[in-house]
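Structure first, then comments.
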Amino acid sequence: MTDGSPTIRKREPSAGRDLTYPPLPQALTVPVYDNHTHLEVQDGDDSLSYREHLDRASSVGVRGVVQVGGDVETSRWSAEQALREPRMLAAVALHPNEAPVYDEAGTLDDALAVIAELATRPRVAAIGETGLDFFRTSGEKALAAQYRSFEAHIEMAKENNLAMQIHDRDAHSEVIATLKRVGAPERTVFHCFSGDAELARVCAENGWYMSFAGTVTFKNADNLREALAVAPRNLLLVETDAPFLTPVPHRGRPNAPYLIPYTLRAMAEYLGTDASMLAAQITSNTELVYGSWNAEPVVLPSYTD
Amino acid sequence: MSDGSSFYITTPIFYVNDVPHIGHAYTEVASDVLARWHRQAGDPTWFLTGTDEHGQKILRTATANGVTPKEWADRLVETAWQPLLQTIDISNDDFIRTTDARHEVNVQLFLQRLFDAGYIYTGDYEGAYCVGCEEYKQPGDLIDGTGPYEGQQVCAIHSIPVELLQERNYFFRMSDFTQPLLDLYESNPDFIQPESVRNEIIAFVKRGLTDLSISRQSFDWGVKVPWDDSHVVYVWFDALLNYITAAGYGYDDEKFARLWPATHIVGKDIARFHAVIWPAMLMAAGIEVPKQVFGHGWLLVGGEKMSKSKLTGIAPNQITDTFGSDAFRYYFMSAINFGQDGSFSWEDLSARYQAELANGFGNLASRVVAMVTRYFDGVIPDPGESEAADERVRTIERRVVDDADAAIERLAIHEALSSIWELVDELNGYITAQEPWALAKKPELLDRLQTVLFTAVRGVGTLAVLLSPVIPEATGTLWQALGGVGEITDVPLRTAYHWETDGKVWPLEPLFPRIENIEGSGGPAARE
């Protein structure tokens, strides 16, 4: 895992997908950041290292990424790569679907302790993704573990004054209730925002950020676009969640940070605004949430292929 | 102010917890251009900006961050507000913070004088208080409760019932000033500008003013009421006084007499505080009212509807990183009629950068300097006999100086720029028509070549002087290249055409270089 190994996971194969990476889109005039991506996951026919991903991203006006871990191993990898790559900041956490797995093995507290230590490292800019997932997790014990993990992560974000990225799947009202009950971190992001206009209003009232992924370009996602329309611009972020959720017109093929211009342009078009101004707004927002990508220096030698 | 009287100009003090965005920068740049213009014209000028640092929210964020409110404000001033001023090249003479001793002490003095004069009385304030927010809520902040709170009003943020609280408050007899304010607006039509803002405020005051609650007991991060330290002064009352406490009120009478009254540049949304509450406070204290309150418009993002597009949450460095601070300053001052709402877009900014700054002004300067270098070894030639075309340039040169100055006097910054641009266009047309490169091929026309380049150099130098309040960086560079004598900012602006050179030009890099990724075809931003 060390020495900047290019990837440490592989996406589960599924039948019938086109496994080639889509071509480069036209570059953005005003650059943005991909505030949620998983470059440790290998997907597609060609294996791209995080460096290749970021070089492609740079060439189309994607200035940097937040590399997000979901368990102990990927969080460690994220924190370490961020120390060698100036275009990468890290987010560390136990994914809500991983928390019950650790719990079952009796290692949840140990794993949380690892995340808590990673959270203090330089260039770790966020706790995430954490939250609640009622789509893939069920059962009283498993859900209890999920809640316990979520609340522990909220505390870590607050203690370290870090942003927090929330994974919320089919659990809107429980996520909101938890945030209100224990108090949300100052900079809270709904990663891969999946709510409707109503949730967008709740986020707006509380000053929570809404990060839109490729799903907002999907044909059947009118509720997401309605949410986008009511979301205050100063709370908008954009992400790929790569290698998942590839935006239209390449839905189904492997996703990567360099494909974010499709999502950004679709958002601008739907809002009837200028893509460059929206990009400038989102970049301002992103730097407010995570700070400057240059605030803390990289200290490890860069990875060589 | 061609009479040389003092020009004291202010921006609103910015709420220190805000995040600096293009809207703040717009107000700052406009005020800065006016200040630089007057300063360079020789008017005694004082330009004040600063931060508003009191109030419950600041106390709360500071506590959450484990520091005192003063430490929190110090941090924000240093990391957010001072850098903003640098990013857009602001030349303020003073920076007031409402936590400065000079402010806090003299707010108390002012209040005591108002109290002694009988303009303050004790009354009861009743309102809906949310314990979650720790503040009084306006009716619009409340919603109908659901579930266990059915039938009650709850806080929209916390969804818990509000309490009807009553507290003892001090009130300012603002209602006494309804008529005096209307008289002021009537007798001094320029007091509130532009006209649209003036009309709105007159209509508001005509409905009659109510007394103003000026103290709070619910928190203590503020200026204490001098005769009752269980109260702090209402934040707006506190904040408005910065304009006089920074100018010496209460501790430097000579300075105060010299600076006051001020011209206040504000966004139209807060014009009411500045054109109603503020002059009423001053009248009550027996102090002269401001010279003028100018409410500028909102920035709108191109192509979007008014209701949705008050979207200025963009950090100014998103623009200056690509285009530079001069372009930022020029663009917002030229593209938007100062006083009206203005729409802006990245494409418009790019297009004007290229057409007006790079091709219009920058290219003119480069060509003229290059031709003097090539044909006369850099020595600015003496003119021969003038022809009509040369006289025409000189006439326009003088006229635009007067026109631009008159426009600045009306705070019509965009008109000043369009006057100055008449000279840019005239000089570009003049060079095209006179074809100095053709004259240079004919030794017998040397005299004519000398006259043409002399005339062009004079015009370009005048442009540099006139534009130095707007694009100080580029004009400073150009001034060096023209062999300008002394600092460009010391050249009297109202006679810009009398600028002096030591007689030799120096090579000039493009003032507004081509920006590669402007069309979206290049790589990442120029900063990388």
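The values are calculated or read from the model by the stated rules, or taken from the named source; none is laboratory data. Predicted, not measured: the structure shown is a model, and the values here were computed from it. Reconstructed Cβ throughout: ideal geometry from the backbone, glycine too, with neighbour counts over all protein chains shown. Each accessible area value is taken on the protein alone, full model and side chains, heavy atoms only, with ligands, DNA and RNA left out. Shrake-Rupley method; radii C 1.70, N 1.55, O 1.52, S 1.80 Å.
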> Using alpha carbon centroids, what distance separates the range B:1-63 and the range B:68-87, in Å?
Replying inline: 15
>> Straight-line reach only, C-alpha to C-alpha below 17 angstrom: list the aspartates and glutamates that A:K158 could link to, leaving out same-chain residues fewer than 8 apart.
In response: A:E117, A:E129, A:E186
> Where the only charges are on Cβ atoms (+1 Lys, Arg; -1 Asp, Glu), what is the dipole of the protein assembly as shown about its Cα centre, to the nearest 20 debye?
Replying inline: 740
> How high is the relative contact order of the range B:106-155, in percent, counting Cα pairs under 8 Å that sit 6 or more residues apart?
Replying inline: 19
> What's the longest piece of chain B with no exposed chymotrypsin sites (Phe, Trp or Tyr not before Pro), counting a site as exposed if DSSP puts it in a loop and it has at most 16 other beta carbons within 10 Å?
Replying inline: B:252-528
> How big is D, in µm² s⁻¹, for the range B:120-170 by Stokes-Einstein at 4 °C and 1.567 mPa s if Rh is the Kirkwood radius over C-alpha pairs?
Replying inline: 113
> Roughly to the nearest percent, how much of the accessible area of the range B:120-170 is carbon and sulfur, given a 1.4 Å probe?
Replying inline: 48
> Can you give the extra length, in nm with one decimal, that the chain gains between B:A257 and B:A156 once fully stretched, where that is 0.36 nm per residue apart less the Cα-Cα distance?
Replying inline: 31.6 nm
> Which percentage, to the nearest 5, of the DSSP beta bridges contained in chain A is antiparallel?
Replying inline: 0
> Say the dipole of chain B comes from +1 at the beta carbon of Lys and Arg and -1 at that of Asp and Glu; which of B:L84, B:T63, B:G123 then lies farthest toward its positive end?
Replying inline: B:L84
> Counting DSSP beta bridges in chain B, what percent are antiparallel, to the nearest 5?
Replying inline: 50
> Size of the dipole of chain B about the Cα centre, Lys and Arg at +1 and Asp and Glu at -1 on the beta carbon, nothing else charged, in debye to 20?
Replying inline: 340
> Straight-line reach from B:K255: which lysines have Cα under 22 Å away, leaving out those fewer than 8 places along the same chain?
Replying inline: B:K291
>> On a full-extension model of 0.36 nm per residue, what is the gain between B:T122 and B:T79, subtracting their alpha-carbon distance, rounded to one decimal in nm?
In response: 11.4 nm
> Taking each residue of A:57-64 in turn, how many C-beta atoms of other protein chains fall within 10 Å of its C-beta, and what is the average?
Replying inline: 3
> Gap in Å between the Cα centre of the range B:314-349 and the Cα centre of the range B:193-237?
Replying inline: 33
>> Could you check the spin-label model distance between B:A101 and A:E296? Points 7 Å from the Cα along Cα→Cβ, value in nm.
In response: 3.9
> Mind checking which lysines have their C-alpha under 27 Å from B:K137, skipping anything on the same chain fewer than 8 residues away?
Replying inline: A:K180, B:K57, B:K70, B:K206, B:K224, B:K268, B:K308, B:K310
> Shielding of A:20-30 by partners, i.e. mean partner chain Cβ atoms within 10 Å per residue?
Replying inline: 3
>> Can you show me the helix-derived [θ] at 222 nm for the protein assembly as shown, built from DSSP H runs with n ≥ 4 at -39,500 (n - 2.57) apiece and divided by the number of residues, rounded to the nearest 500.
In response: -12500 deg cm²/dmol
> Could you give the distance between the Cα centres of the range B:258-274 and the range A:267-305, to the whole Å?
Replying inline: 36
> Counting pairs of alpha carbon atoms under 8 Å apart in space and at least six apart in sequence, what relative contact order in percent does chain B give?
Replying inline: 15
> Measuring from label point to label point, each 7 Å out along Cα→Cβ, what is the B:S418 to B:D269 span in nm?
Replying inline: 2.8
> For the peptides A:140-146, A:121-127, what is the packing order when you average, over each peptide's residues, the other Cβ atoms within 10 Å and list the highest mean first?
Replying inline: A:121-127, A:140-146
> Roughly how many nanometres apart are two label points built 7 Å out from the Cα toward the Cβ at B:I143 and B:W437?
Replying inline: 6.7
>> Below 8 Å, C-alpha to C-alpha, sequence gap of six or more: please give me the relative contact order for chain A in percent.
In response: 21
> From largest to smallest, what semi-axes in whole angstrom does the protein assembly as shown give when each is the square root of 5 times an eigenvalue of its alpha carbon gyration tensor?
Replying inline: 50, 41, 21
>> Which one, B:I157, A:N285, A:V92, projects farthest toward the positive side of the charge dipole computed for the protein assembly as shown from Cβ point charges (K/R +1, D/E -1)?
In response: A:N285
>> Tell me which trypsin sites (Lys or Arg not before Pro) from the range A:193-251 have a DSSP coil assignment and no more than 10 other beta carbons within 10 Å of their own.
In response: A:K219
> With the Cα gyration tensor of chain A giving a ≥ b ≥ c as the square roots of its eigenvalues, does the rule (a/c under 1.5 for rounded; else a/b larger than b/c for prolate; else oblate) give rounded, prolate or oblate?
Replying inline: rounded
> How crowded by other chains is A:266-274, given as the mean number of beta carbons from other chains within 10 Å of each beta carbon?
Replying inline: 3
>> How much of the DSSP bridge set in the protein assembly as shown is antiparallel, in percent, rounded to the nearest 5?
In response: 35
